[in-house]
Amino acid sequence: MLAFIIKRLANAVFVMLSVTFLAFVIFRFVGDPVDQMLNEQATQEQRDDLRERLGLDKPFLLQFTTFVGRAATGDFGISFRNQRDVLDMISERFPATFELVLVATFISLIVGVPMGVITAIKRQSWYAETMQFTSIIGISLPSFVVGIGLILVFSVWLGWFPAFGRGDTVDLGWWSTGLLSHSGRMSIVLPALSLSLFQITLVMRLVRAEMLEVLRSDFIKFARARGIPARSIHFRHALRNCLMPVVTMTAMQIGGLIAFALVTETVFQWPGMGLLFIQAVTFVDVPIMAAYLCIVALIFVVLNAIVDMTYAVIDPRLRGAEK
Amino acid sequence: MSDQTSGKAVPTRMERFWDSDLWWSFKSHKSAVGAAIVLLLVIITAFLAPVLSPQNPYDLAALELWNAELPPIWMEGGQMPFLLGTDVQGRDILSGILYGTRISIIIGIASVAVSLVVGIGLGLMAGYYGGWIDNVLMRIGDVLLSIPIVLVAILVSSVAQQFLPPAFREIGVAAVLVLAIAMYSWVQYARVVRAQTMVERRKEYVMASRLVGTPARRLMVKHILPNTLTPIFVAATLNFGLAILIEATLSFLGVGMPPNQPSLGTLIRVGNQYLFSGSWWIVLFPSIQLCILVVAVNMLGDWLRDALNPKLR
């Protein structure tokens, strides 16, 4: 058990190091940072001075280790464009992205689980088949097209929901939330829906597959033989056994959603980390790009590692399976 | 369901195909047949774009500003030959879509081809030789799969475009996109081929072949590879849809195809700016075409996965 945890942690650290290396290579070699930070009239002395101050005159490996060391303490340097601390900029954008992902996950569970159950127990009915069929379409639709479609229908044509921005936010210490104001709640509907659509189909298909498996098992047959009503069998006995994989998949998907939210954020001009990143890409603001890559990868890797380790605790068969 | 085998003793390859389980399964799946027809139509019209489209959308001389922002033909103010209307530069939407689809399809096919070659090659090597080659390759794969794919593709594409010399811009951007997409998807093929190769390697026919002195490369390509192809075929179909999606997403975010060589994603990006000015057709029609294309590919892939799965027969 301990060996498995250590191995899994080592793997996570290795992945993070590789990502940091990628971020560092981008940071170091996309354009010359000195050119980006000084204007064209700067003298050679000013340039050399800055180069020394940034540590760009040191050997490559030393620069990399300094970069890793600083990144580990959350110091990603200063944005080329805004001259502000990168971590500050990202952390003030984080609540927006996190709320969006949270609401999207909530929607996907609320909608996806019942749909999965229905398609599994009423497999032959027309509505189950329609749902199964539309789920292929749901998985295929590009998220940005869904977003544009939602804006076109619900903002431009019907005018029900705002098409961009986050509405009014309420500051709770270091966390700013849009969920406590009316305009904030109205604003999150469309982006969260468009982000959750793919997730809904994923949850639905997973629940359906798991339900079909469980419904075939002996204890369900026994429950039927005991004369327990169908409703109770489906929801209390069968569904409960399907929820574990749903929970793990949801947890693992949150990391992916945080990364993928950048597409949704671009469509809806949602002021989250992803929008910051995309703007940084257009202006080649490398420190922000590098920091965003590291932070999102960290969330992703940590979540995956936790899920894997919880799984190993619950299911002992997996501990040896790594071999 | 008519039996198409002739009375000949040895059926030809084509005849064997008409009589195969796969063809039978295809014929009995309405959605698969529908998807295949739609996909064929999309591909044919895309590659006949220069013949079919009323205007060459890349030819700036053909654009007339007084044709700008015309609505589709069935609406008031619509004009021939602009069936689906025009954008703000007077570019015909339909022509833009046909040319754009061609670019999207070409990038999709190219990235699947590149990742297939790389993935199969590396997977065969990892599975056949094992040892450190296997370790290194699979670790690289692990790392790539541990980072969200969109992020990697955006970074690779935007960074690589910085280094493109101006002379290569046109073709270079497409090549960069192909590599950015392939960089991720080869892992999947490599894993499948590797696992299958490790199984096949120990079988008697491979042993026998090795004993008579067949060189390793021939053994891998001629003997082992054909036995790993079925799952690869399914994965490649689904990945083709995914590749088109990723390309469209990158172009939409502004790190893909430039506006003078627009793919479907670029058209949607450009059209998105006019969403609020009432010219909804600029963004809607390219979006619909993209959805049709991806849905058709995925439905075919879905059917293929079930049809080739021996457990579901």
Self-check item: Cross-chain or 6+ apart pairs with Cβ under 8 Å, segment B:144-159 first and facing chain A (nearest Cβ under 7 Å), then buried (at least 20 other Cβ atoms within 10 Å of the Cβ) and not in a helix (DSSP H, G or I)
Solution: B:154/B:255; B:158/B:255
Practice problem: Kindly indicate whether any position in segment A:164-187 is more than 21 Å from the chain's Cα centre (by Cα), closer than 30 Å to residue B:301 by Cα and β-branched (Val, Ile, Thr). | Solution: no
Quiz item: Restricting attention to segment A:169-178, and to residues there that are hydrophobic (A, V, I, L, M, F, W, C) and part of a strand (DSSP E or B), which single residue is modelled with the highest pLDDT?
Solution: A:175
Quiz item: Would segment B:269-278 turn up any residue that is at pLDDT 85 or above, out of contact with any strand residue (DSSP E or B) (no Cβ under 7 Å at 6 or more places or on another chain), more than 7 Å from chain A (Cβ to nearest Cβ) and buried (at least 20 other Cβ atoms within 10 Å of the Cβ)?
Solution: yes
Exercise. Being within 11 Å of chain B (Cβ to nearest Cβ), part of a helix (DSSP H, G or I) and farther than 26 Å from residue A:154 by Cβ is the filter here, so list the residues in segment A:279-289 that pass it.
Key: A:280, A:281, A:282, A:286, A:289
Practice problem: Could you check how many residues of segment A:150-163 are part of a helix (DSSP H, G or I) and in contact (Cβ under 8 Å) with a residue 40 or more places away in the chain? | Solution: 2
Exercise. Find the residue count for segment A:110-134, including only residues that are crowded, with 18+ Cβ neighbours inside 10 Å and hydrophobic (A, V, I, L, M, F, W, C).
Key: 8
Quiz prompt | Filter result for residue A:96 (away from chain B (no Cβ under 14 Å), part of a helix (DSSP H, G or I) and touching a Pro at 6+ places or on another chain (Cβ under 9 Å)) | solution = yes
Quiz item: When residue A:166 is evaluated against the numbered criteria (1) surrounded by 20 or more Cβ atoms within 10 Å (Cβ to Cβ); (2) in a helix (DSSP H, G or I), which criterion, by number, is the only one it fails?
Solution: (2)
Exercise. Kindly provide the set of residues from segment A:16-66 that are modelled with pLDDT under 75, within 11 Å of chain B (Cβ to nearest Cβ) and crowded, with 17+ Cβ neighbours inside 10 Å, ordered by number.
Key: A:27, A:30
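Looking at B:228, B:266, which one is of a type in the set (Ser, Thr, Tyr), closer than 21 Å to residue B:111 by Cα and surrounded by fewer than 24 Cβ atoms within 10 Å (Cβ to Cβ)?
Result of the check over B:228, B:266: B:228.
For (1) part of a loop (DSSP other than H, G, I, E, B); (2) charged (D, E, K, R); (3) within 12 Å of chain B (Cβ to nearest Cβ), each residue gets a yes or a no:
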residue: A:213; (1), (2), (3): no, yes, no
residue: A:232; (1), (2), (3): no, no, no
residue: A:243; (1), (2), (3): no, no, no
residue: A:254; (1), (2), (3): no, no, yes
residue: A:261; (1), (2), (3): no, no, yes
residue: A:294; (1), (2), (3): no, no, yes
Quiz item: Among the residues of segment A:216-243, how many are surrounded by 12 or more Cβ atoms within 10 Å (Cβ to Cβ), out of contact with any His (no Cβ under 8 Å at 6 or more places or on another chain) and closer than 21 Å to residue A:114 by Cβ?
Solution: 10
Quiz item: Any idea how many residues of segment B:242-261 are within 15 Å of residue B:176 (Cα to Cα) and not in a helix (DSSP H, G or I)?
Solution: 6
Quiz prompt | Subset of segment A:263-278 [more than 10 Å from every other protein chain (Cβ to nearest Cβ) and in a helix (DSSP H, G or I)] | solution = A:264, A:265, A:268, A:273, A:275, A:276
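The values are calculated or read from the model by the stated rules, or taken from the named source; none is laboratory data. Keep in mind the model is a prediction, meaning the values are calculated, not measured. So basically every Cβ, Gly included, is an ideal-geometry build from the backbone, and we count neighbours across all protein chains shown.
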